[in-house]
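Chemist: Here it is, the structure, as structure tokens.
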Amino acid sequence: MKLHFTKMHGAGNDFIVLDATAAPLDLSAAQWQALADRHFGIGADQILIVERSTRPDADFRYRIFNNDGGEVEHCGNGARCFVRFVSERGLTSKRSIRVEVQHGIITLTLQDNGEVTVDMGAPILDPAQVPFVPGALPTRAESEDTLYGLDINGQTRWISAVSMGNPHAVQVVDDVEAFPVREEGPLVEHHPAFPKRVNAGYMQIIDRNTIHLRVFERGAGETLACGTGACAAVVAGIRRNLLDTPVRVKTHGGWLTIAWGSATDSVRMTGPAVTVFEGTIDLDRLNPPA
Ligand SMILES: N[C@@H](CCC[C@H](N)C(=O)O)C(=O)O
């Protein structure tokens, strides 16, 4: 079976985008993984599937698979690429579209300068819904936020637990470039306090409107940028009274702008969405590693 694909990125977080608006596309976890493999397949952090929505209040539905083959709830950078994709392929002529994701509806707007703004919805701060189970670990109140102690190799890391539809554990660090994100990220991702695993974010506060951020993503490893991770970090920083909206977020792949008011307000994310190339791949020839 031959599959036409588009390769895109949002601030270096890269995607294979597949159009399933005409016919459903259901591959196995091993096939998603093989497509996303950087040596044996096309290579990507995530795969995005564009579908028609069955809801009357949504224009499209989209599904997201991490490069480990697992389906996830949300992807911020992917949402921006989604809009560019449906607009470039003529699937809609609207500048502002409503898209169904696993946890509800998000609104995406194509700006005149080519950037995309996503209304990501309100953050989820109730630990049970993140989901996060603090257990007997110590906690610390800081302004509106509760920081939870996480035991990582015998050391206590203080994290904010935020869901943007998908789970995030955010830490403030002094020097994000020097921090061992790739060594500690997997330990946070698989920490038993997070029953669905978690995306591990590390932010350095530059000033009240600027952070530098690295994210070790659940199911994908460290990526050049993580949109939901940027939203979660800014929410945590504002709640801790370390940041003021809007916040410019520098990632290894570029800049994102995040705006947020209060707990019931939607988080708004603006950033780039770029089409890199298109191609066709023969699924029967995919040769995943043993
Ligand atoms: N890169 C994404 C997040 C993709 C999903 C994430 N790895 C998860 O498992 O929740 C983004 O830009 O938000």
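Chemist: Assign unit charges at the C-beta atoms only (+1 for Lys and Arg, -1 for Asp and Glu), then state the dipole size of the range 127-265 relative to its Cα centre in Debye, rounded to the nearest 20.
Modeler: Taking the Cα centre of the range 127-265 as origin, the dipole is about 240 debye.
Chemist: Using the beta-carbon distance between H190 and E142 and R0 = 30 Å, what value does 1/(1 + (r/R0)^6) give for FRET efficiency, to the nearest 0.05?
Modeler: 0.70
Chemist: Do the sum for the chain: with -39,500 (n - 2.57) for every DSSP H run of n ≥ 4, divided by all residues, what is the mean residue ellipticity at 222 nm, to the nearest 500 deg cm²/dmol?
Modeler: Taking each H run of at least 4 residues, the total per residue is -4500 deg cm²/dmol.
Chemist: Further question on the same structure: Could you tally the net charge around T109, taking each other residue with its Cβ under 9 Å from the Cβ of T109, Lys/Arg +1 and Asp/Glu -1?
Modeler: Result for the local shell: 0.
Chemist: Report the FRET efficiency, 1/(1 + (r/R0)^6), for D26 and T210, where r is their Cβ-Cβ distance and R0 is 51 Å, rounded to 0.05.
Modeler: My answer for the efficiency is 0.75.
Chemist: Same structure, new question: Among all helices in the chain defined by DSSP H, which have a length of 15 Å or more along the axis from Cα atoms plus a Kyte-Doolittle mean of at least 0.0?
Modeler: 76-88, 227-239
Chemist: Divide the volume of the convex hull of the Cα atoms of the range 127-265 by its number of residues and quote the answer in cubic angstrom per residue.
Modeler: 99
Chemist: For an R0 of 45 angstrom, estimate the FRET efficiency from the Cβ-Cβ distance between V133 and E88 and round to the nearest 0.05.
Modeler: My answer for the efficiency is 0.60.
Chemist: Express the Stokes-Einstein translational diffusion coefficient of the chain in µm² s⁻¹, to the nearest whole number, given a Kirkwood radius over alpha-carbon pairs, 25 °C and a viscosity of 0.890 mPa s.
Modeler: 128
Chemist: Around E51, with a cut-off of 12 angstrom between Cβ atoms, what is the net charge of the other residues, counting Lys and Arg +1 and Asp and Glu -1?
Modeler: Combined, the nearby Lys, Arg, Asp and Glu give 0.
Computed from the coordinates by the stated procedures, all read-outs in this text should not be read as laboratory data. Since this is a predicted model, take the numbers as computed values, not measurements. Methodologically, a virtual Cβ is constructed for each residue, glycine included, from the backbone with ideal geometry; neighbour enumeration extends over all protein chains shown.
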